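Read the figures in this text as sums done on the coordinates, not as results from a lab. Only a predicted model underlies this, so the values are computations on that prediction, with no experimental measurement involved. Cβ coordinates were reconstructed from backbone atoms using ideal geometry, including for glycine residues, and neighbour counts include every protein chain displayed.
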Amino acid sequence: MMVRMRPILRTFWRDLSYHVLGLPATILAFTVVVAGLTLGVTALTVIVGIPLIGAVFAVFRWNARLERRRTAWALGTPVPEAYRPRHGNSLRRLRIVAGDPQSWKDLAWLAFAGSFGFVASVFAITAWATVLGTLVLPAWYWTLPNGGADFGLFRADTLGKAFLAADLALVAIPILFVLERWKTEGMVRLGRALLSPSREAALAARVQELAATRAGAVDAASAELQRIERDLHDGAQARLVALAMDLGLAEERFARDPDGARELVGEAREEAKRALAELRDLARGIRPSLLVERGLGPALTALAARSPVPASVDLDVPDALPAPIETAAWFVVSEALANAGKHSGAGRVLISVGGLDGSLVVEVTDDGRGGADAGGDGLTGLRARVAALDGELSVSSPRGGPTTIRAELPCAS
Amino acid sequence: MRVVIAEDLALLRDGLIRLLRDTGFEVAAAVDHPDAFLEAVDEHRPDVCVVDVRLPPTFNDEGVRAALEARRRIPGLPILILSQYVEQTFAAELFADGHGGVGYLLKDRVADVSDFVASVKRVARGGTALDPEAVAQLLVPAGPDDPLAALTAREMDVMQLMAEGRTNVAIATGLGISESAIEKHVSTIFGKLDLERSESAHRRVLAVTAYLRR
C-alpha cells in the first residue's frame, strides 16, 4: 500500500495548528463569554445598561469573526458571514442584533470553544508532545530524574526499554492521527454550522444586497435622465427659442431698419450653429464630443480657447476619472466662462483643475467686478448637477471681485 | 405698457427684453428667481408679467406658484406664463380664479413676434391667451357620444380659436369669414355643448376650457 505522506503531513499540521491557535483563541472565547454574559445580565437590570449590552454583542461579533477565520483556516474554505442589517436608533439596532439568530449561534459556538474547545486543544498538544517525545526517548531517557520514564507497565530506564517505548509511540502515531482527525473535523464542522448563516439567512442577505445595488442603479439612471432633460432645456432648446426670437424680430425690422435686421439674422445664425453643436454633443453619448474623444484636459483647453474672456488654464487632471465627473467638471467650467463673459466685465479668467483627497477640484476665477448672484444665472442648475454627484459647488463673488466658482466632485465610486 | 419678466436662462431673458422693448413695451424689471419676481411686482406694479414656468430652486412649477402668489397679492394682475412644453395641468389654477388677464403659451410662440405681442397685450388688457397646442390637446372627442364629436369641422375651428381666448373679431379675421357668421357658429357650439352663453371673452374661455377638462 502506497501511503501519500505529503497530504497526511499537511493535514497533520493543519489540525495541530488549529489547536495551537485554539489555545489563545479558546481562552479568549471563554473570557469573552463569561465576562460578556455577566456584564450583560447585570446590565439588563438597569436602564443605563443598554449601551453596555450593545457593547457586549459587539465583542461577541468581533470574537466570532476571529473564530470564523480560524475555522476557515482548518477548513481550507472561507466561512461566510451574514447578519441582519442594522438601522434606526441605538435601541432599534440593539433589538435587531438581539433578534438575529446568528448572534445566538455565535454565542453558542463561543461557549463551546471556550469550554470543550479549550480541553480539546490542550489534549491535542499534550498528546502529540508525549508521542513525539517518546519517539525520540532513546536519545534522552537518561536525562530524566529517576533514570527513566514511567509508562505504568514498565519503566524505560535502559536503552532497550526506551526503544520499546519508542516503538509503542510509533504505533500510537496513526491512532492519534485518526482520533485527532475525527475530533478536529467534528469541531470544524460544528464551527462552520454555527458560524455561517443558514441558507435562508444567506439568501436574505443576498437579496438585500441586490436590492440595494439595483436601487442605486435606478437612482443613477433617473438622475442621468433628469440631467439630459436639463441639458436639453437649458441648452439646445433655449438656443432655438432665442434663434426663433431673433428671426421673428428681424422679420419685423426689415422694412424700417434693414441693417439692424441683418445683424439679428447674423446672431440667429450663430445661435443656430451653437444649438447644432450642443445637439451633436448631446447625441454623442450625452457628452461634449471633445470630452469623449480626448478627455477632460484637452476638452477644457479647447473650452478656454473659445472663451469670450481670455482664459488661461492650470490643469493637473487625474487619470481615469468617471465619465459623469468629467462631464460635470466640463459644464462647471463652461457655465463659469459664459457667466464671466456675460456679466463680470473681466479681462482674464483662470481655470484650475486638480485632484485633492480623492476629489476633483475645479476652480474658475475671473478678475471682474464680482457681485455674481449665486442664486441665479444657471448657477443653481449647476449646483444641482454637482450635487447629483455628491459634490459641492461654492461661489465667492464679493463686490469689486474677484469671482471664484469652485466645484468639488468626489471621485470615489 | 410696463412689463416684468421672470426667466432664469439669461439667453432667453435677454431675448425677451429685446423683443418687448423693440415692440414698444417698457421692461420695468427682468429677474431670474421667484422671490425677485414677487419683489419686482410689488415695487413696479407692472401692466403685465411674462413668467417662465420653470424657475429655481427646483425648476418644477415655481413660475406658476409665483404667479399665483403675485395674483393673490394683486388680484387680477395680468400674467402670461411661458412653458417649454404643454404640461397636463397648464396652470389651470391661474385660469380658474375668475379674474381675466391670464395667458399660457409655449416658448416657441415668441418666434411669431406680432402674434406673441398681441397675446401679451390681450392678457394685459384682462383677456386670455391659451396656447393653440394646449387647446388642441383638449379638443379631442372622448368617444362617439362626446358632444364634441357632434361639432362640424368649421365649428371645431371656431371652438379652437375661442378657447385660445380670441375675440369674435379676431376669430373672424383668422378664419376669413364674417363676424356674424362667427356669432352663429358660437351660438350653435354653445347649444350643442349645452353651455351658458357669455359675452366676455375670458368667461367664454373659462366655460369652454372647463367644459373641455371635465
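For the stretch A:293-370 and the stretch A:30-66, write down the distance between their C-alpha centroids in whole Å.
55
If I model a spin label at A:ARG6 and A:LEU315 as a point 7 Å from the Cα along the Cα→Cβ vector, what separation in nanometres do I get?
With each label placed 7 Å out from Cα toward Cβ, I get 5.6 nm.
Give me Rg over Rh for the stretch B:124-169, both radii from the alpha carbons and Rh done the Kirkwood way, two decimal places.
1.03
Apply the Karplus curve 6.51 cos²θ - 1.76 cosθ + 1.60, θ = phi - 60°, to the phi angles in the stretch A:15-31 and return the couplings in whole Hz, x for Gly and Pro.
These are the phi-based 3J(HN,Hα) values: 4, 5, 5, 4, 7, 5, 4, x, 4, x, 5, 6, 4, 4, 4, 4, 4 Hz.
Counting DSSP beta bridges in the protein assembly as shown, what percent are antiparallel, to the nearest 5?
In the protein assembly as shown, DSSP labels about 45 percent of beta bridges as antiparallel.
Working from the alpha-carbon coordinates of the stretch A:345-413, get Rg over Rh, Rh being the Kirkwood radius.
With Rg and the Kirkwood Rh in hand, the quotient comes to 1.01.
Full-extension gain between B:ASP42 and B:GLU26, please, as 0.36 nm times their residue separation minus the C-alpha to C-alpha distance. All intermediate terms of the calculation are to be shown ahead of the outcome.
Details: separation 16, 0.36 × 16 = 5.76 nm, distance 1.66 nm.
Going from the current span to full extension adds 4.1 nm.
Stokes-Einstein diffusion coefficient for the stretch A:44-195 at 10 °C in a medium of 1.306 mPa s, Rh from the Kirkwood formula over Cα pairs: what value in µm²/s?
Estimated diffusion coefficient is 83 µm²/s.
Two decimals is fine: what is log10 I(q)/I(0) at q = 0.13, 0.15 Å⁻¹ for the stretch B:77-124, from a Debye sum with one equal scatterer on every Cα and no solvent?
Results for the stretch B:77-124 at q = 0.13, 0.15 Å⁻¹ read -0.29, -0.38.
Kindly express, to the nearest 10 degrees and within the range 0 to 90, the angle between helix A:238-253's C-alpha long axis and the longest C-alpha principal axis of chain A.
0
On the principal axes of its Cα set, how long, how wide and how thick is chain B? Give whole Å, largest value first.
48, 32, 28
Mind putting together the pair-distance distribution for the stretch B:117-214? All Cα pairs, 5 Å bins, whole percent per bin, short to long.
2, 14, 26, 27, 20, 8, 2, 1
More than 21 Å apart: what percent of Cα pairs in the stretch A:112-195 qualify?
42
Given the peptides A:203-209, B:184-190, arrange them by the average over their residues of other C-beta atoms within 10 Å, most packed first.
B:184-190, A:203-209
Mind listing the phi-derived Karplus ³J(HN,Hα) values for the stretch A:319-329, rounded to whole Hz, using 6.51, -1.76 and 1.60 with θ = phi - 60°, and x for any glycine or proline?
The phi angles translate into 6, 6, 7, x, 4, x, 5, 4, 4, 4, 4 Hz.
Relative to the longest principal Cα axis of chain A, at what angle does helix A:118-135 sit, 0 to 90 degrees, rounded to 10?
Relative to chain A, helix A:118-135 is tipped by roughly 60 degrees.
For A:LYS105, give me every one of the lysines with a C-alpha distance below 24 angstrom, ignoring sequence neighbours fewer than eight places off in its own chain.
By straight Cα distance, A:LYS105 reaches A:LYS183.
Provide the net charge surrounding A:PRO410, with neighbours chosen by a C-beta distance below 10 Å and charges set as Lys +1, Arg +1, Asp -1, Glu -1.
Numbers: positive: none; negative: A:ASP357, A:ASP390, A:GLU392, A:GLU408.
Net charge around A:PRO410: -4.
Please report the spacing between the Cα centers of the stretch B:164-182 and the stretch B:117-147 in Å, no decimals.
So the two Cα centres are separated by 14 Å.
At q = 0.19 Å⁻¹, work out log10 I(q)/I(0) for the stretch A:302-386 with the Debye formula, treating every Cα as an identical point scatterer and leaving solvent out; two decimals please.
-0.86
Considering only Cα-Cα distances, which of the following residue pairs are longer than 26 Å: A:LYS273/B:LYS107; B:LYS107/B:LYS192; A:LYS342/B:LYS107?
B:LYS107/B:LYS192
Just tell me how shielded B:98-107 is by partners: mean number of partner chain Cβ atoms within 10 Å of each residue's Cβ, no decimals.
On the way: counts 0, 0, 0, 0, 0, 0, 0, 0, 1, 7.
The per-residue average across the peptide is 1.
Which residue fluctuates the most in chain A, going by a Gaussian network model with Cα springs under 10 Å, if the choices are A:ARG181, A:ARG256, A:ARG385?
Fluctuation is largest for A:ARG256.
What does a probe at A:PHE116 reach in the stretch A:71-100, counting residues whose amide N is under 20 Å from the point 7 Å along Cα→Cβ?
A:71-75
Of the candidates A:VAL136, A:VAL32, A:VAL292, which one comes out as most mobile in a Gaussian network treatment of chain A with C-alpha springs shorter than 10 Å?
Maximum fluctuation in the GNM of chain A, among the listed residues, is at A:VAL136.
How large is the Kirkwood hydrodynamic radius of chain A, counting all unique pairs of alpha carbons, in Å?
29.0
Let me know the volume per residue of the alpha-carbon convex hull for the stretch B:1-89, in Å³.
88
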